[in-house]
Amino acid sequence: VEYQVTSQRYKISVYRRYSDFDVFHEVLLQRFAYRVVPALPPKRMLKGVLTSVSEREFIEGRRRALGRFINLVACHPFFSEDELVKTFLTFNGSDVQTKLRDTCKKTGDEFMTHRIATQAKEYLPADIQAQFSTSRDVIRNIHNSFQKLRDRAEKMADRSKENATDLLMFGRELSTLGSDASPLPSLASSQSTWGTLRQSLKSLSVEFSVLSDKAAQQGRREEDDVVEKLNFFLDLLQSYRDLCERHEKGVLHEHQKALHKYSVMKRQMMSATVQSKEPASVEQLESRIVQQESAIQTMELRNYFSLFCLHQETQLIFTYLPITSHILGAFVNSQVQGHREMGEVWNELQP
Amino acid sequence: ALTISQTLDQLLSRDTVQVELIP
């Protein structure tokens, strides 16, 4: 499967495969480990898992998810200005994967290139840990609620589409009923108006077909403007959750490990001095300790830079929150339009 | 340097990328 990726900003279309997205995601994560890099959708359908999703639906879902991924990246205040993103969106040569890897190798990770990377500590508020912990809880609750909103919106969009099918089938059955030209038995034709009524049923299927179209349009609107937008924001919230985990398991963990290693070395050094070992081995140990001290210092700087980025990414989530009103607006508009249009057809049917 | 002073509309208007399947 190949995708045509068109950027409005660069006014260019490029062709990309899933594996190109995969490499792009990998290098983006290497370069911006301290930021909200959204996840990619799975490459394949999980085999052996009971699922009601067909192959076609899976491919369409994956296309939508790749679209959300690249749009979140292209709208991010820091990713969007990076060479990697520009390369992915504009490079027209034969091997975009090598080009991406080379670009990443050449620039290094964000800590190496950010102008204030080593002074991040000076910019952090004193209560950064408390602020982070509060924001993280708030965002977690928002994430949980948005997942429920998405599930409900998805069901409503599905029901609109099912409504479309039912209305169409209802109209078709009326038409079948009306098209029955078999003569009525005399006991029926003398007492009822069934003959005339039957005639008029045939034409009703047209109105039901219009109703069905309106319901299908409503379903599509809800899927594109409501469910898809909710998924977009959910992808961002998930990437924030992943970032928090990376921050704790990554930088903090590495820092702890380095400190532990340092204390072991110090102990070794002390016992070596006490036991007055060979000067060469003591010297070697000393130089390793100096190296380790410098590694710890870098890690401390990285830790502050990671917190600095985390603080910015938290602000980014809060900046995105007003998207809620965009989504609700789209939902209300879709409902108003759907009910109005369908109301008009039902009114025509009433006589 | 720490503050992101951008609105949602400014973020969303940075770019719009279409991803279409090639049949």
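Counting, for every residue in A:74-85, the Cβ atoms of other protein chains within 10 Å of its Cβ and taking the mean gives 3. Overall size of the range A:109-189 from C-alpha positions, given as principal axis extents largest first: 98, 28, 12 Å. Going by alpha carbons, how many degrees (0 to 90, nearest 10) lie between the helix axis of A:228-246 and the longest principal axis of chain A? The answer is roughly 20 degrees.
Which one, A:Gln217, A:Leu234, A:Gln337, is farthest towards the positive end of the dipole of the range A:214-341 when Lys and Arg carry +1 and Asp and Glu -1 on their Cβ? Looking along the dipole axis, the top candidate is A:Leu234.
If every alpha-carbon in the protein assembly as shown counts as one equal scatterer, what log10 I(q)/I(0) does Debye give at q = 0.14 1/Å? Summing over Cα pairs of the protein assembly as shown leads to -1.23. When the convex hull of the Cα atoms of the range A:254-351 is projected onto a plane and the area is averaged over all directions, what value comes out in nm²? The directionally averaged projection comes out at 10.1 nm².
A quarter of the convex hull surface defined by the alpha-carbon atoms of the range A:9-63 gives 5.7 nm² as the mean projection. The charge dipole of chain A, taken about the Cα centre with unit charges on the Cβ atoms of Lys, Arg (+1) and Asp, Glu (-1), comes to about 600 debye, rounded to the nearest 20.
Taking trypsin sites (Lys or Arg not before Pro) across the range A:244-351, the ones in a DSSP loop with at most 14 further Cβ atoms lying within 10 angstrom of their Cβ are A:Lys277.
Only the Cβ atoms of Lys and Arg (+1) and of Asp and Glu (-1) were treated as charged; on that basis the dipole of the range A:144-276 about its Cα centre amounts to roughly 820 debye. Put a dot 7 Å past the Cα of A:Ile116, heading toward its Cβ, do the same for A:Gln337, and the two dots end up 4.3 nm apart.
Seen against the Cα atoms of chain A and their longest principal axis, helix A:253-274 is set at about 20 degrees. Charged neighbours of A:Leu40, selected by a Cβ distance under 15 Å, balance to +3 (K, R count +1; D, E count -1). If the Kirkwood radius is taken over C-alpha pairs of the range A:115-267, then at 10 °C and 1.306 mPa s the Stokes-Einstein diffusion coefficient equals 72 µm²/s. Rounded to the nearest 10 degrees, the angle from helix A:194-221 to the longest Cα principal axis of chain A is 10 degrees. The fewest-to-most ranking of A:Leu124, A:Leu197 by surrounding Cβ atoms within 10 Å reads A:Leu197, A:Leu124. Legend: mean number of C-beta atoms from other chains within 10 angstrom of residue C-beta atoms, peptide B:6-15, equals 6. Taking each of A:Lys161/A:Lys202; A:Lys86/A:Lys148; A:Lys202/A:Lys229 in turn, the alpha-carbon distance tops 32 angstrom for A:Lys86/A:Lys148; A:Lys202/A:Lys229.
Of all alpha-carbon pairs in the range A:43-120, indicate the percentage at a distance above 14 angstrom. The answer is 73 percent, as a whole percent. Comparing Cα centroids, the range A:1-56 and the range A:119-166 end up 22 angstrom apart.
Throughout, read-outs are computed from the coordinates displayed, never taken from laboratory work. Keep in mind it's a predicted model, so treat the numbers as computed, not measured. Every residue, glycine among them, receives a Cβ derived from its backbone with ideal geometry; neighbour counts consider all protein chains shown.
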